[in-house]
Amino acid sequence: MKRQIRFVLYSLIGLVALIACTNDDSSIEIAEVHQSSSIQTALNQLRTHYHDDGSINEEMNPTNNLVFDFCFDFIYPLSLSYNNGVIVTVNSIEELVTVLINTSENLYITGIVFPFDVSLYDVESNELVVQTINNEEEFSNLITNCYFSDPCICTEEYDPVCVEIIANDSEIVITFPNSCYAFCEGFTESDLVNCENNTECTIYDLEVVTGDCNSDNTYNMTINFQYEEIGEQEYFDLYARNDELIGYFPLSSLPLTVINFPSSGEEYDFVKVCINDNSDCCKEIEWLPPNCSGQGGNCDITSFDLVTGECNDDGATYNLILDFNFENTNGQEFFEIYFRDNELYDYFPLSSLPLTINNFPSSGEEIDFIKIAINDMPECNIEVEWTNPCFSETFCYEYVFPIEMIVGDQTYSVNSNEHVDYKLSIGGDLVYPLDIIIDNETFTVWQGILEGAYGERCE
């Protein structure tokens, strides 16, 4: 009797195309789509057998055979309906899995077109057989016999046992990780055969041991595994997520220590190992990475360099070039610049260094100041002072009257320093832009405070 439910995802392909019910195929009509709690139960169970990115959950795939790892195999094409009435036709297990990982709380499968066929293992004949499911009652009986709610619990010990069954009039050997999995499928000790005749490549006992964090948000990682039936191959390939190749290595190097393994930033890090030139002989593993944030060295800003240009013609700005080195920024890509009193000036990408700031505003004081901090890491900062190239103790400015001022909701035209002082004393504000005269030269001031940046007002 079948008790263990597993699912194998042979390979994930692109998103399946959704087919509206306007399909010319008369076999797909609204009247033939039936609401089915059984299809929801079956698909919900399938969903637990692979990760959110569509990769195989190896723990749910002990034999690499869908009939034994799940319970049955759909025979395609299979027509399903979403909760919004849209019909989807899937032509393979790969397309079905793609539909599953793209469902959501608002869009999910609720119905199926009867009849459809499934492939099952028949204990009496010891062969795979085809069964037609004609209605919801027959589908419900199939789901019940799968024991979805009462799976076997087996250890991860790898002590393979094999059975021989008939499929398509041919004898095939099914390998179980240990006898528990075989017995869960209804096989007995007398059904077991010699696995030595099974030439299928196998990777097992895959494990990862993490080391200490490095200063660049990486860590050392040691990987090891066992293998069988690899032929004359002497190498294996190592992949990160999305089949990004890390490198290939001799099997003789196992256990292999990978220096400076990059943290993915996700809750679990991941690798896949494959015997070289055998994409069907692979094994995946996930693990909790060490927390390398701020480890292997504190965040630091070093080698700061600053160059100022001459004071611009406006008398209140100048060009500024700054550069610095940084380390242990925990993946942050921006930095912030502050004036005195933690007044934010702006933020910039670290990739923009060395950074040229045109028309940097003079403070009006003899010494200008900034604080640079890594974004979201206020403790990682540096403060810098330098001589203000626009500073002058001698110059003063005069207004080019008339100027406008705002008091409350009223705008006034002002023609003397006395009127300016009076309006300022009762809460008035200058209206910019306005013109001023410094050393017989006229400048337009667009914003800011005149006092300090342009010296003091001439009396």
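Quick check on ASP300: is it touching a residue at least 24 places away in the same chain (Cβ under 8 Å), more than 17 Å from VAL208 (Cα to Cα), loosely packed, with under 12 Cβ neighbours inside 10 Å and over 21 Å from the mean Cα position of the chain (by Cα)? Working first, answer last.
Details: touching a residue at least 24 places away in the same chain (Cβ under 8 Å): yes; more than 17 Å from VAL208 (Cα to Cα): yes; loosely packed, with under 12 Cβ neighbours inside 10 Å: no; over 21 Å from the mean Cα position of the chain (by Cα): yes.
The answer is no for ASP300.
Listed here are the residues, each with its yes/no results for (1) more than 30 Å from CYS180 (Cα to Cα); (2) touching a Pro at 6+ places or on another chain (Cβ under 7 Å).
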site: TYR82; (1), (2): yes, no
site: VAL86; (1), (2): yes, no
site: THR89; (1), (2): yes, yes
site: ASN106; (1), (2): yes, no
site: THR110; (1), (2): yes, no
site: PHE114; (1), (2): yes, no
site: GLU124; (1), (2): no, no
site: LEU128; (1), (2): no, no
site: VAL161; (1), (2): no, no
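For the range 252-268, name all the residues that are assigned to a strand (DSSP E or B) and over 27 Å from ASP159 (Cα atoms). Before you say what the answer is, go through the steps one by one.
Of all residues in the range 252-268, those assigned to a strand (DSSP E or B) come to 256-262.
The answer is VAL258, ILE259, ASN260, PHE261, PRO262.
Being in a loop (DSSP other than H, G, I, E, B) and among the small types (Gly, Ala, Ser) is the filter here; which residues of the range 103-142 pass it?
Scanning the range 103-142 gives SER104, SER125.
Consider the range 369-426. How many of its residues are of a type in the set (D, E, K, R), closer than 29 Å to ARG340 by Cβ and in a loop (DSSP other than H, G, I, E, B)?
Filtering the range 369-426 for residues of a type in the set (D, E, K, R) gives 371, 376, 379, 383, 385, 393, 398, 404, 409, 418, 421, 423.
Imposing the further condition that a residue be closer than 29 Å to ARG340 by Cβ reduces the set to 371, 376, 379, 383, 385, 393, 398, 421, 423.
The next check asks that each one be in a loop (DSSP other than H, G, I, E, B); those that pass are 376, 393.
Here the count works out to 2.
Return the only residue of VAL414, VAL431 being more than 15 Å from GLU456 (Cβ to Cβ), of a type in the set (A, V, I, L, M) and more than 59 Å from the chain's Cα centre (by Cα).
Numbers: VAL431 fails: more than 59 Å from the chain's Cα centre (by Cα).
Going through VAL414, VAL431 in turn, the sole match is VAL414.
Between ASN57, ASN65, ASN126, which is touching a His at 6+ places or on another chain (Cβ under 7 Å) and under 30 Å from GLU200 (Cβ atoms)? Quick ask: steps written out before the conclusion?
Values: ASN65 fails: touching a His at 6+ places or on another chain (Cβ under 7 Å); ASN126 fails: touching a His at 6+ places or on another chain (Cβ under 7 Å).
That would be ASN57, the only listed residue that is touching a His at 6+ places or on another chain (Cβ under 7 Å) and under 30 Å from GLU200 (Cβ atoms).
Go through the range 68-102 and count every residue that is part of a loop (DSSP other than H, G, I, E, B) and of a type outside the set (Gly, Ala, Ser). I'd like the intermediate steps shown before the answer.
Kept after step one, since they are part of a loop (DSSP other than H, G, I, E, B), are these residues of the range 68-102: 70-72, 76-77, 83-86, 91-92, 102.
Retained after the next criterion (residues that are of a type outside the set (Gly, Ala, Ser)): 70-72, 76-77, 83-84, 86, 91, 102.
Going through the range 68-102 one residue at a time, the tally reaches 10.
Just one of VAL193, VAL208, VAL163 is touching a residue at least 60 places away in the same chain (Cβ under 8 Å) and either of a type outside the set (D, E, K, R) or surrounded by 14 or more Cβ atoms within 10 Å (Cβ to Cβ) (or both); which is it? Don't jump to the end; show me each part of the working.
Working: VAL193 fails: touching a residue at least 60 places away in the same chain (Cβ under 8 Å); VAL163 fails: touching a residue at least 60 places away in the same chain (Cβ under 8 Å).
Exactly one of VAL193, VAL208, VAL163 is touching a residue at least 60 places away in the same chain (Cβ under 8 Å) and either of a type outside the set (D, E, K, R) or surrounded by 14 or more Cβ atoms within 10 Å (Cβ to Cβ) (or both), namely VAL208.
How many residues, within the range 309-347, are buried (at least 18 other Cβ atoms within 10 Å of the Cβ) and in a strand (DSSP E or B)?
Count: 10.
In the range 77-96, how many residues are surrounded by fewer than 20 Cβ atoms within 10 Å (Cβ to Cβ), closer than 25 Å to SER55 by Cβ, of a type outside the set (S, T, N, Q) and modelled with pLDDT under 90?
Selection size over the range 77-96: 1.
Considering the range 421-459 alone, what residues qualify as being at pLDDT 85 or above and among the charged types (D, E, K, R)?
ASP421, LYS423, ASP429, ASP435
Taking the range 269-305, which residues are closer than 30 Å to GLY231 by Cα and either of a type in the set (Phe, Trp, Tyr) or part of a helix (DSSP H, G or I) (or both)?
Those that are closer than 30 Å to GLY231 by Cα and either of a type in the set (Phe, Trp, Tyr) or part of a helix (DSSP H, G or I) (or both): PHE270, TRP287.
I'm told GLN131 meets every condition in (1) more than 13 Å from ILE39 (Cα to Cα); (2) crowded, with 18+ Cβ neighbours inside 10 Å; (3) modelled with pLDDT of 90 or more except one. Can you identify the failing condition by its number?
So GLN131 meets the others, but not (2).
Could you list, in sequence order, the residues of the range 294-305 that are modelled with pLDDT of 60 or more and either of a type outside the set (Asp, Glu) or within 14 Å of THR218 (Cβ to Cβ) (or both)?
Correct list: ASN298, CYS299, ILE301, THR302, SER303, PHE304.
Scanning the range 97-114 for residues that are more than 22 Å from the chain's Cα centre (by Cα) and closer than 18 Å to PRO77 by Cβ, which turns out surrounded by the fewest Cβ atoms within 10 Å (Cβ to Cβ)? Talk me through it step by step, then tell me what you get.
Here is the first cut: in the range 97-114, the residues more than 22 Å from the chain's Cα centre (by Cα) are 106-114.
Checking the rest, the ones that are also closer than 18 Å to PRO77 by Cβ come to 109, 111-114.
Values: ILE109: 20, GLY111: 20, ILE112: 24, VAL113: 19, PHE114: 17.
The qualifying residue surrounded by the fewest Cβ atoms within 10 Å (Cβ to Cβ) is PHE114.
The values are calculated or read from the model by the stated rules, or taken from the named source; none is laboratory data. The shown structure was predicted, so the numbers you read here are calculated from the model rather than taken from an experiment. Please note: Cβ atoms are built from the backbone with ideal geometry, for glycine as well, and neighbour counts cover all protein chains shown.
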